[in-house]
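Asker: So that we are looking at the same thing, I have put the structure below in structure tokens.
Read-outs: derived from the displayed coordinates by stated rules, not from any lab. As the structure is a prediction and not an experimental result, all values here were calculated from the model. Every residue, glycine among them, receives a Cβ derived from its backbone with ideal geometry; neighbour counts consider all protein chains shown.
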Amino acid sequence: MKIKHNVGLVASHFQIYGAFQEAAPYGSGHINDTYCAIVDQAGTRVRYIFQRINHNIFKNPVALMENIQRVTEHQAGKTNSDMDFSRRALTLVSTRTGEAYHCDDEGNYWRCYLFIERATTYDAVESTQQAFQAARAFGQFQKMLADLPLPRLHDTIPDFHHTPKRFAKLEKAIREDKANRVTLAKAEIDFARKRQAICSVLLDAKLPERVTHNDTKLNNVMLDNATGEGLCVIDLDTVMPGLALYDFGDMVRTTTSPAKEDERDLSKVTMQFPMFEALVRGYLSSAGEFLTPEEKKLLAFSGKLITFEIGLRFLTDYLEGDTYFKVHRDGHNLDRCRTQFKLVESIEQQENEMNRLVESI
Ligand code: ADP
Ligand code: GN1
Ligand code: MG
């Protein structure tokens, strides 16, 4: 990937001493531009994370940064007795004028985080231990934020997990067929339409609103290299009011199948029962004490629904001509949609056993 931005210039606006050395694109996110920068501080090469917020998607970067500042400060208040506190929650580096973000001449919003060393994110799960640790960390994150003082956080993307509205957007994309791709995605459109009825189940269940992460992909939690512990939840752009099950559902989506999100060999995409069990156990070990019986009953269902929902979003973006998610090849969004729908099918086949397992724990 080519560097598009002058990260050295951006870095000069932040409270970082020493000589800027270099920066390179980092991670595999679909939305923002993330860079890892190296700064020479008295002979030591220190890493920082710089991110350009995608303001086409996050329409109000100032409100978004206000959320992140409140959330990270609240977390810091709870972890600062721990020696390792700056690895257990993201730490924003302020600008030289004391702000949480820098707005450059082109209207791009930039933030900077301390780099969390000796920890790794994974695009695909490798062991039940990782699934357990990731789920425990996301549950702990929800628990930590349960007493975030008012006011309510900003909705950085309104109706982000409103599945019926996501479905309506798909129907609109089909009607408009802007990129002339509807005929290429006939099977996927049929698959989606057959399952429209599940879209409103979580909304109809009248579950409690909580502060949730809303993007709990496996690669949004850093696991400690030495111990494997779920160390730090990252990617806080969508932290806002939501349902606990949005978070659990996205863990099922990204952590039970051994395949990557854009795997083309669909025979590799399957809901592995031991991974689901590890997720349930990990999540309940931290979130179990505050979840209601209704929430617990819908844990398996939420995995199916959120996987279906993200599949709808990939399909919609494919039909609209790839304007939302970053793509790296032709048909990339359709490939991503196919893995999601394959996983939905795999969950459907095992849903009864998954529910029985949850009941038994
Ligand atoms: P995106 O919105 O593009 O997914 P993320 O905030 O998830 O952006 O960052 C992308 C990747 O960069 C992460 O998956 C992680 O590997 C790495 N990363 C992000 N923040 C940090 C940090 N503070 N320390 C170390 N690595 C980080
Ligand atoms: C995006 O930013 P990233 O890559 O962590 C998306 C999520 C999707 C995910 C699918 C703001 O997350 O909602 O689930 O891609 N984020 C936004 O991989 O739309
Ligand atoms: Mg991410």
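Asker: By the scheme Lys and Arg +1, Asp and Glu -1, what is the net charge of all other residues having a beta-carbon under 14 Å from that of D224?
Answerer: Net charge in that neighbourhood comes out at 0.
Asker: Now a separate question. Calculate one ³J(HN,Hα) per residue across the stretch 322-329 by plugging θ = phi - 60° into the Karplus curve 6.51 cos²θ - 1.76 cosθ + 1.60, and present them in order as whole Hz with x for glycine and proline.
Answerer: For the stretch 322-329, the Karplus curve yields 6, 9, 9, 7, 4, 10, 10, 7 Hz.
Asker: Here is a further query. Using a 10 Å cut-off on Cβ atoms, rank the peptides 50-61, 337-348 from the highest mean neighbour count down.
Answerer: 337-348, 50-61
Asker: Now for a separate question. Applying 1/(1 + (r/R0)^6) with R0 = 41 Å to the Cβ-Cβ distance of R96 and S200, what FRET efficiency is obtained, to the nearest 0.05?
Answerer: In this case the efficiency is close to 0.25.
Asker: Scan the chain and note any complete DSSP helix (H) whose C-alpha atoms cover at least 15 Å along its axis and whose Kyte-Doolittle average is 0.5 or more.
Answerer: 273-287, 299-320
Asker: Considering Cα pairs under 8 angstrom that are at least six residues apart, work out the relative contact order of the chain and quote it in whole percent.
Answerer: Relative contact order, the chain: 18 percent.
Asker: When all alpha-carbon pairs of the chain are counted, what percent fall beyond 31 Å?
Answerer: 34
Asker: Right, here's the next one. If each Cα of the stretch 92-225 is one equal point scatterer, what is log10 of I(q)/I(0) from the Debye formula at q = 0.12 Å⁻¹?
Answerer: -0.85
Asker: Could you give the length gained by full extension between K4 and D147, i.e. 0.36 nm per residue of separation minus their alpha carbon distance, to one decimal place?
Answerer: Here the segment from K4 to D147 would lengthen by 47.5 nm.
Asker: Oh, and also: Along the stretch 52-57, what does the Karplus equation 6.51 cos²θ - 1.76 cosθ + 1.60 (θ = phi - 60°) give for ³J(HN,Hα), rounded to whole Hz, x for Gly and Pro?
Answerer: Result, ordered by residue: 8, 6, 6, 7, 6, 9 Hz.
Asker: Counting pairwise Cα distances across the stretch 7-117, what percent come out greater than 26 angstrom?
Answerer: 17
Asker: Also, I was wondering about something else. When the helix-only estimate is applied to the chain (DSSP H runs of n ≥ 4, each -39,500 (n - 2.57), divided by the residue count), what is the mean residue ellipticity at 222 nm, nearest 500 deg cm²/dmol?
Answerer: -13500 deg cm²/dmol
Asker: Run a plain Debye calculation on the stretch 183-302 (Cα atoms as equal point scatterers, no solvent) and give log10 I(q)/I(0) at q = 0.18, 0.21, 0.22 Å⁻¹, rounded to two decimals, same order as the q list.
Answerer: Calculated log10 I(q)/I(0) at the listed q: -1.16, -1.42, -1.48.
Asker: When only C-alpha pairs under 8 Å and at least 6 residues apart count, what is the relative contact order of the stretch 146-304, in percent?
Answerer: This gives 23 percent for the stretch 146-304.
Asker: In terms of modelled amide H atoms, which long-range or inter-chain residues lie less than 5 Å from the amide H of Q21?
Answerer: Amide H neighbours of Q21: I38, V39, D40.
Asker: Provide the FRET efficiency to the nearest 0.05 for the A19-T323 pair, computing r from the beta carbons and using R0 = 35 Å.
Answerer: About 0.35, to the nearest 0.05.
Asker: Also, I was wondering about something else. List the lysines whose alpha-carbon lies under 22 Å from that of K178, not counting same-chain residues fewer than 8 positions away?
Answerer: K165, K169, K186, K326
Asker: Check L231: other-chain or 5+ apart residues with amide H under 5 Å from its amide H, H built from backbone geometry?
Answerer: M222, L223, D224
Asker: Quick one: length gained pulling D82 to R264 fully straight, 0.36 nm per residue minus the C-alpha distance?
Answerer: 61.2 nm
Asker: Taking amide H positions as placed in the peptide plane 1.01 Å from N, state which residues far from M240 in sequence (5 or more) or on other chains have amide H under 5 Å from it.
Answerer: T212
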